[in-house]
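What follows is one structure encoded as structure tokens, with my remarks underneath.
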Amino acid sequence: MFGEDWTSVPLLANISISDDTRILRFGLPDASKPLGLSTCACLLARGGADKDGNPFVRPYTPVSTNAMVGKFEIMVKIYRQGNLSLHFESLKEGQTIDFKHIEKNVKRQYPFGKKKIGMFVGGTGITPMIQALHAILGTAGDTTTVSILYGSQMADNILAKETLDAWCAKNSRLSVTHVLSNEPHDSGWTGPRGFIGKDLITKHMPGTQDDCLLFVCGPPPMYNALCGPREDENLTGLLGEMGYKADQVYKF
């Protein structure tokens, strides 16, 4: 639906799903067709402007699938020091945003070709994982098992938790472990606290055998700790130390 030229589309709904996160639903130029984007691929969004009048551009992975016709949805975390995210927050229904899609933004494609997949998620890093899970869990005959380590600040900040809970209830092939870094000590949370470390990886992730693939998507500190910077093809961090190979780890 989107090509390499910017196309303006209208906002249909701005839905709050947490204190700092929105689901934005946009209309497509052709209301009779789906977005048609490849699995886990992202769009570039353009809006707002800096002090020199230059628009802000950021990538976003839709959380909707091609089953949605005439519209699509993205998940946006609102940063108080942010640029485009604050512009998104202020959008009213009917106002437009520019989107485009370029081939370099096509990510790892389904089928993924491995029996076991581990996913490391931080915050809105859940968005490409949702796309991947739609394909894995929704394809008849797929027997891939998926383990997720999902880092969030507090229980109230876990994005897409209801969706993940529902999928886990229906699919024994999926397991999700939430790790909270800033949950109040007097809360009722009984799960892991702190950050994703070696012990949790050993307990919940597939081993270093050749039939596994690991996906990582989150904030820069997560990449640095687990696998090395997103733009670095080399594998460093905890996963490198634990014996995983660079071709087993995909940095979204």
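The values are calculated or read from the model by the stated rules, or taken from the named source; none is laboratory data. Just so you know, these numbers come straight off a predicted model, no measurement behind them. Backbone-built Cβ (ideal geometry, glycine too); neighbour counts: all protein chains shown.
So here's what we get for this one:
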read-out: Residues (touching a residue at least 24 places away in the same chain (Cβ under 8 Å) and either assigned to a loop (DSSP other than H, G, I, E, B) or outside the structural domain of VAL121 (by TED's automatic domain parsing) (or both)) located in the range 179-206; value: SER181, ASN182, GLU183, PRO184, SER187, TRP189, PHE195, ILE196, GLY197, MET205, PRO206
read-out: Residue match in the range 24-34 (condition: touching a helix residue (DSSP H, G or I) at 6+ places or on another chain (Cβ under 7 Å) and modelled with pLDDT of 95 or more); value: yes
read-out: Residues being farther than 15 Å from HIS101 by Cβ, outside any strand (DSSP E or B) and not aliphatic (A, V, I, L, M) - total across the range 31-58; value: 8
read-out: Yes/no for ASN234 being more than 18 Å from SER175 (Cα to Cα) and not in a loop (DSSP other than H, G, I, E, B); value: no
read-out: Number of the exception - SER187 against (1) in contact with a Phe, Trp or Tyr (Cβ under 9 Å, 6 or more places away or on another chain); (2) at pLDDT 95 or above; value: (1)
read-out: Positions within the range 73-97 being of a type outside the set (A, V, I, L, M, F, W, C), farther than 21 Å from ALA41 by Cβ and outside any loop (DSSP other than H, G, I, E, B), in sequence order; value: HIS87, GLU89, SER90, THR96
read-out: Residue within the range 59-72 that is buried (at least 17 other Cβ atoms within 10 Å of the Cβ), of a type in the set (Lys, Arg) and either out of contact with any Cys (no Cβ under 8 Å at 6 or more places or on another chain) or not in a strand (DSSP E or B) (or both) present; value: yes
read-out: Members of the range 154-172 found to be buried (at least 17 other Cβ atoms within 10 Å of the Cβ) and either assigned to a loop (DSSP other than H, G, I, E, B) or of a type in the set (Val, Ile, Thr) (or both), listed by number; value: ILE158, LEU159, ALA160
read-out: Some residue of the range 101-121 being loosely packed, with under 15 Cβ neighbours inside 10 Å, more than 30 Å from TRP189 (Cβ to Cβ) and among the small types (Gly, Ala, Ser); value: yes
read-out: Odd one out for GLY151 among (1) farther than 17 Å from ASP20 by Cβ; (2) assigned to a strand (DSSP E or B); value: (1)
read-out: Selection within the range 237-251 - more than 22 Å from the chain's Cα centre (by Cα), surrounded by 14 or more Cβ atoms within 10 Å (Cβ to Cβ) and in a helix (DSSP H, G or I); value: GLY240
read-out: Meets criteria (touching a His at 6+ places or on another chain (Cβ under 9 Å) and farther than 28 Å from ARG108 by Cβ) for ALA67; value: no
read-out: Options SER181, SER187, SER147: the member that is under 17 Å from PHE252 (Cα atoms) and hydroxyl-bearing (Ser, Thr, Tyr); value: SER147
read-out: So ILE136, is it touching a residue at least 12 places away in the same chain (Cβ under 8 Å), part of a helix (DSSP H, G or I), outside the structural domain of ILE15 (by TED's automatic domain parsing) and within 18 Å of the chain's Cα centre (by Cα); value: yes
read-out: Residue count for the range 207-224, restricted to those that are buried (at least 20 other Cβ atoms within 10 Å of the Cβ) and either modelled with pLDDT under 95 or in a helix (DSSP H, G or I) (or both); value: 2
